[in-house]
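Quick notes on the structure that follows.
None of the figures in this text is laboratory data; all of them are computed from the coordinates on show. A quick note: this is a predicted structure, and the numbers were derived from the prediction, not measured.
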Amino acid sequence: MVAATKNRNTPTRAGTRRSHPVAAGSLCYAGAIAVMNAAGYAAPASTATGLTALGVFYEQVDNTSGADGDELAQIERGCFHFANDGGDPIDRTMIGTPCYLVDNQTVAATDGTGTRSAAGVIDDVDDNGVWVLIDPTA
């Protein structure tokens, strides 16, 4: 490869929504937290290790009867509001730090002694839950 020596028209991927193949047996609800499993397929978030938070499902996708990749899901990255886990709650002093996946709509303060994957970065906390920035490329 050679360094550019003139202007170039660089391709870009605008927007925050991406298409991902869905894991077999998955029912993905619009607005629920989407993750990539160890095999590289999108699935609903759960308490597990080895998951990469992708964002939220843009619309419902049902791949409960399909094989890996039979369906595609649109997943949106950004800052979203989720439930705060009552057993491992997040507070305002944690803004700017990671939070962890409990299920497809709940986040917690810790990794549950190594049982939870990271959800994203805490952006804010209010009486109704937690604002989480999810961007797998950040």
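Points worth noting:
- Relative contact order computed over segment 78-134 (Cα-Cα under 8 Å; 6+ residues apart), in percent: 42
- Extended-chain gain in nm, criterion 0.36 nm per residue less alpha-carbon gap, T5 and T47: 10.2 nm
- Stretching N37 away from R92 to a fully extended chain increases their span by 16.8 nm, per 0.36 nm per residue minus the current alpha-carbon distance.
- For D68, residues with placed amide H under 5 Å, excluding near neighbours: A24
- Scanning residues 5 or more positions from I90 or on other chains, those with amide H under 5 Å from its amide H are D85, A109, with H placed 1.01 Å from N in the peptide plane.
- Pairwise centroid distance, computed over Cα atoms, of segment 99-138 with segment 3-23, Å: 27
- Over the chain, relative contact order from alpha-carbon pairs under 8 Å, at least 6 apart, %: 24
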